[in-house]
Amino acid sequence: MVSKVTKNFVKNFFGNRVSSKKYPFFGSIEMTRRCNSRCLFCPIGSEKNEFIRGEMKTEHIFKVLDQFAELRIIAFTYLGGEPTLRKDVCEVAEHATEIHIKSELTTNGLLVADRAEPYTKALDCIVISLDATDAEMYRSIRNVDGFDKVVSAIKECVRYSKENDCAIVSNTVICSKNIDKIPDIIKYCDSLGVDGIMLDFATFHGYWKDIVREDSSYDPDGMDWSTSPDKLKAMIPQVVKMKKKYPIITSSSYLKTFMTGDHHFRCYPYLFCCVDKHGMVAIPCFDSMHTRFYDIIDEYNLKELWFSEEAVKARKAVKNCESCYMHCIVEPSKVLGAPLRHFGDLMEWVNTFRRSGART
């Protein structure tokens with residue numbers, strides 16, 4: 001029997017090719033800006049208090065999800081900060097299941113080991129960050145002593161994943177500290193039994209320096225992977241080759257973009273719908289000079305807003321954006337926004353999830 005999620009995927013995939021109304025595939029909800037890590041490549045966790053305060057109540061998150069369902073979104077991701085600092089992760093996932101939306105938790109893993117059983121029961125996919133193969137390298141990147149906790153979290157989630165039908169994916173953020181260790185990290189994550197392996201290049205925005213505290217450990221200059229071009233050009237072909245043996249989900253076209261340095265691509269921001277911790281949806285995306293935030297808790301209906309002339313115009317304004325290389329934007333734009341041009345990447349996605357046994 002074909003699930004409603006699969007039906008919505010097919011509707012959106014083919015409908016978006018022929019209709020002027022463009023439906024998103026994915027949603028994200030920023031659960032909190034609080035974080036228990038102090039990553040040197042990320043300002044979150046080191047922000048000034050005014051950027052941390054406030055977050056939606058559980059019932060408001062339910063309201064966002066209900067509007068996601070109206071918009072035929074097939075899956076949503078918990079974003080942070082660190083989402084597991086909230087106690088309602090499972091409750092939110094259970095509501096998503098009731099309205100036929102897949103839920104993916106993206107987490108640093110520090111609090112996950114003891115919650116592996118309920119998390120794998122409630123969630124469809126758990127993405128756990130692991131950027132190193134040893135405690136010393138982990139500390140030099142994340143600025144906390146958490147390597148053993150994260151490894152334990154992955155092992156515990158893998159332990160329960162099959163009986164609870166939940167896909168476990170590792171995610172490695174590539175930065176200057178680990179750029180020459182990426183193949184080793186891939187092999188290590190695979191040895192832990194994960195279903196999929198994601199690779200994500202650290203992203204840096206100039207204005208982030210203005211939102212962190214004076215005592216912040218945020219170090220974009222020191223963590224910038226682009227300062228090691230020779231290591232970059234040596235690493236990427238090796239990783240692309242490894243895709244034949246290891247369940248690397250990240251597409252070849254995304255990876256090769258960083259080897260060539262050509263970040264020109266057609267952006268399709270209608271593919272993803274991002275909501276911040278206050279219940280404000282970002283249109284056309286989270287990071288653009290054209291971005292505006294709209295309150296979908298008390299003021300706007302998401303579906304009406306999504307297809308409004310104002311929203312369509314904003315999305316057109318960024319269609320040729322060349323400054324962005326964020327994984328969550330570039331990857332779907334290439335694979336789902338231009339599937340014929342990147343058909344090989346689309347088939348890689350499908351085959352990887354088939355091998356992993358991930359829920360569809």
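The values are calculated or read from the model by the stated rules, or taken from the named source; none is laboratory data. Keep in mind that this is a model prediction, so the values were computed, not measured. Heads up, the Cβs are rebuilt from the backbone with ideal geometry, glycines too, and the neighbour counts pull from every protein chain shown.
Could you please find all residues in region 210-228 being in contact (Cβ under 8 Å) with a residue 24 or more places away in the chain and outside any loop (DSSP other than H, G, I, E, B)?
Selection gives 212, 220, 222, 223, 225, 227.
Name the residues in region 83-115 that are part of a helix (DSSP H, G or I), acidic (Asp, Glu) and either within 24 Å of residue 138 (Cα to Cα) or modelled with pLDDT under 95 (or both), would you?
Correct list: 114 only.
In region 179-215, what count of residues is obtained for those that are at pLDDT 90 or above, touching a helix residue (DSSP H, G or I) at 6+ places or on another chain (Cβ under 6 Å) and closer than 19 Å to residue 51 by Cα?
The number of residues fulfilling the criteria is 1.
Residues in region 243-273 that are farther than 18 Å from residue 24 by Cβ, among the aliphatic types (A, V, I, L, M) and modelled with pLDDT of 85 or more: how many?
Residues flagged as farther than 18 Å from residue 24 by Cβ, among the aliphatic types (A, V, I, L, M) and modelled with pLDDT of 85 or more within region 243-273 amount to 3.
May I ask you to verify whether residue 55 is within 26 Å of residue 200 (Cβ to Cβ), touching a strand residue (DSSP E or B) at 6+ places or on another chain (Cβ under 6 Å) and not β-branched (Val, Ile, Thr)?
no
Hey, among the residues in region 147-163 that are β-branched (Val, Ile, Thr) and within 9 Å of residue 193 (Cβ to Cβ), which one's nearest to the chain's Cα centre (by Cα)?
Ranking the candidates gives 154 first.
Residues of region 247-263 being buried (at least 18 other Cβ atoms within 10 Å of the Cβ), not in a strand (DSSP E or B) and not polar (S, T, N, Q), which ones?
Those that are buried (at least 18 other Cβ atoms within 10 Å of the Cβ), not in a strand (DSSP E or B) and not polar (S, T, N, Q): 247, 249, 254, 255, 258.
Mind checking which pairs have a first residue in region 83-96 that is surrounded by fewer than 22 Cβ atoms within 10 Å (Cβ to Cβ) and a second that is small (Gly, Ala, Ser), Cβ under 7 Å, 6 or more apart or different chains?
Final answer for the pair search is 90/122; 94/122.
Taking into account only those residues within region 141-189 that are among the polar types (S, T, N, Q) and in contact (Cβ under 8 Å) with a residue 40 or more places away in the chain, which is surrounded by the most Cβ atoms within 10 Å (Cβ to Cβ)?
The residue in question is 170.
Please work out which one of (1) part of a loop (DSSP other than H, G, I, E, B); (2) of a type outside the set (Lys, Arg); (3) touching a residue at least 60 places away in the same chain (Cβ under 8 Å); (4) under 25 Å from residue 312 (Cα atoms) is the condition residue 20 fails and give its number.
Condition not satisfied by residue 20: (3).
Restricting to region 68-82, what's the tally of residues that are assigned to a helix (DSSP H, G or I), surrounded by fewer than 23 Cβ atoms within 10 Å (Cβ to Cβ) and within 20 Å of the chain's Cα centre (by Cα)?
Residues that pass the stated criteria total 1.
Residue 322: modelled with pLDDT under 75, in a loop (DSSP other than H, G, I, E, B) and acidic (Asp, Glu), yes or no?
yes
Return yes when residue 30 is in contact with a strand residue (DSSP E or B) (Cβ under 7 Å, 6 or more places away or on another chain), within 23 Å of residue 139 (Cα to Cα) and touching a residue at least 60 places away in the same chain (Cβ under 8 Å) and no when it is not.
So residue 30 does not fit the description; no.
Inspect all residues belonging to region 122-130 and state whether any of them is part of a helix (DSSP H, G or I) and either at negative phi or surrounded by fewer than 24 Cβ atoms within 10 Å (Cβ to Cβ) (or both).
Yes, region 122-130 contains at least one residue that is part of a helix (DSSP H, G or I) and either at negative phi or surrounded by fewer than 24 Cβ atoms within 10 Å (Cβ to Cβ) (or both).
In region 164-203, what residues are closer than 22 Å to residue 225 by Cβ and either assigned to a loop (DSSP other than H, G, I, E, B) or among the aromatic types (Phe, Trp, Tyr) (or both)?
Matches in region 164-203: 175, 176, 177, 178, 179, 180, 181, 188, 201, 202, 203.
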